[in-house]
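The values are calculated or read from the model by the stated rules, or taken from the named source; none is laboratory data. Since this is a predicted model, take the numbers as computed values, not measurements. Ideal geometry is used to build each Cβ from the backbone, glycine not excepted, and the neighbour counts take in all protein chains shown. Note: areas computed on protein heavy atoms with side chains; ligands, DNA, RNA excluded. Shrake-Rupley method; radii C 1.70, N 1.55, O 1.52, S 1.80 Å.
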Amino acid sequence: MINKLLAERGQGRGKELHKIKSFSFVCTAEIAREAAILIKSLRFFHDQPVYITCDEETRSYLEKEGFDDLHFDLSATKEALAEIKDEYFKEKFQNIDTFHKAECIFKKMECMERAIRKYGNTFFLDADIVVVGSLEEEITKDLVLSPHYHPPWKSHMTSYCGIFNAGYVFCSDEKFPQLWRDLYLNHSSFYEQECMNYFCEYYDIDIF
C-alpha cells in the first residue's frame, strides 16, 4: 500500500488553493461534553459541515445542543471498538502507561477517509480542542500538519511521541488515511502519533 502511494503521487499535486470543506472528529459518550465545546467554539468562525464518527449516546447529546450541519457515522459502538481492540491491540502499545484508547484512535483514519470522500477535504480535530479564531488559511498542499509546540523544558517529548500533533490535521487526499492506518498498525512506537514523522517521506506537506 505504501509503495503504491509513492508510485501514484503526481509531481504536480499540491498547487491548488484548498478552502476547508468540512471538519471531522471521533467521539464516544465519555467525551461528548468536550465535543460540544469544540463544535460551539468552531461555529463562532466556521459554518462548514462537521462529520462525526461516534456512538448513539454522543449523537443524542450533540443533537440536543441544536448545532447545524452535523453528519453522524454511528460506527464507534462499544461492540465495534471491542472488536477492533481484540483484532489489533491485544498486545500492541500495552507497555505504554497512558489514558489513550488505541481502538478509538483507529477510528480516526476511517472518519477522515469518509469525510474526504463525502466533501473533498477535511480538517480533522481532536474533540478536546477549543477554537479561538478562524482556521482558514492559505492551504496549497494536500496534507497540512501541526508540530507540537512544546515549551523548551518539554522539547525532549518529540523523541517519544513524535514531532506532529495527531489531533490537528488537514487533508484532501482520500488515500492518505489508509497510509496513516498502515503506519499506525505497523511502524509506530507511540500510537498514531510517532509514525507521523514518516509522512514527509510520502507527501509534500505544509505546516500550521
Problem - Unmet requirement for Tyr203, which otherwise passes all of (1) crowded, with 19+ Cβ neighbours inside 10 Å; (2) touching a strand residue (DSSP E or B) at 6+ places or on another chain (Cβ under 7 Å); (3) not in a loop (DSSP other than H, G, I, E, B) - result: (3)
Practice task
State whether the residues of the stretch 32-39 include one that is free of Cβ contacts under 8 Å to residues at least 60 places away in the same chain and more than 18 Å from the chain's Cα centre (by Cα).
Solution key: yes
Completion exercise
Within the stretch 167-179, the residues that are among the hydrophobic types (A, V, I, L, M, F, W, C), crowded, with 23+ Cβ neighbours inside 10 Å and closer than 14 Å to Arg114 by Cβ are Cys171
Fill in the blank from the handout: Within the stretch 18-32, the residues that are out of contact with any Cys (no Cβ under 9 Å at 6 or more places or on another chain), open to solvent by 20 Å² or more (accessible area, probe 1.4 Å) and among the hydrophobic types (A, V, I, L, M, F, W, C) are Ile31
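Yes/no per residue for (1) at positive phi; (2) buried (at least 18 other Cβ atoms within 10 Å of the Cβ); (3) in contact with a Gly (Cβ under 6 Å, 6 or more places away or on another chain); (4) of a type outside the set (Lys, Arg):
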residue	(1), (2), (3), (4)
Glu113	no, yes, no, yes
Tyr119	no, yes, no, yes
Val132	no, no, no, yes
Asp142	no, yes, yes, yes
Tyr184	no, yes, no, yes
Exercise for the section: Say whether the condition of being under 18 Å from the mean Cα position of the chain (by Cα) and among the polar types (S, T, N, Q) is met by at least one residue in the stretch 59-75. Expected result: yes
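Quick grid of which residues meet (1) without any contact (Cβ under 8 Å) to a residue 24 or more places away in the chain; (2) touching a Ser or Thr at 6+ places or on another chain (Cβ under 8 Å); (3) of a type in the set (A, V, I, L, M, F, W, C); (4) surrounded by 17 or more Cβ atoms within 10 Å (Cβ to Cβ):
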site	(1), (2), (3), (4)
Pro49	no, yes, no, yes
Glu79	yes, no, no, no
Ala82	yes, no, yes, no
Lys85	yes, no, no, no
Practice task
Note down all Cβ pairs under 6 Å where the first residue falls in the stretch 90-118 and is at pLDDT below 95, the second is hydroxyl-bearing (Ser, Thr, Tyr) and outside any loop (DSSP other than H, G, I, E, B), and they're at least six residues apart or on different chains.
Solution key: none
